[in-house]
Amino acid sequence: MKAELIRLGWTLERIHDLERLLDELIGRRSDLVPELESLCSLLADAYFSDRYPGFDLDDPDWPLLKRQLETITKVLATVQDRIEGKRP
């Protein structure tokens with residue numbers, strides 16, 4: 001997310017708040033927003049559960065995790081191509 005933001009003119013900040021980074025991408029009208037919106041929500045929940053034990057009582061949803069990984073891989077490839085000048 002930060003790489004795409006920097007590519008769009010954002011000044012690097014030392015933050016890890018996925019929702020805030022998503023808001024920055026929305027403000028810059030990134031076409032990656034639709035794919036990142038659902039991921040940010042799910043990853044923020046996972047981060048909370050990991051940081052605060054006791055909220056992680058459910059078994060992992062492996063099909064969902066696989067879909068998330070596929071989406072993350074796709075977004076990463078898109079950002080890498082943009083940085084390398086292969087795509088606009």
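Could you tell me whether any residue of the stretch 45-60 is modelled with pLDDT of 65 or more and surrounded by 12 or more Cβ atoms within 10 Å (Cβ to Cβ)? There is no residue in the stretch 45-60 that is modelled with pLDDT of 65 or more and surrounded by 12 or more Cβ atoms within 10 Å (Cβ to Cβ). Annotation: of all residues in the stretch 1-32 being at pLDDT below 90 and among the hydrophobic types (A, V, I, L, M, F, W, C), the one that is surrounded by the most Cβ atoms within 10 Å (Cβ to Cβ) is LEU18. Selection of the stretch 7-40 for residues being over 18 Å from ILE72 (Cβ atoms), part of a helix (DSSP H, G or I) and of a type in the set (A, V, I, L, M, F, W, C) yields only ILE26.
The values are calculated or read from the model by the stated rules, or taken from the named source; none is laboratory data. Because the structure is a prediction, the values reported are computed rather than measured. Heads up, the Cβs are rebuilt from the backbone with ideal geometry, glycines too, and the neighbour counts pull from every protein chain shown.
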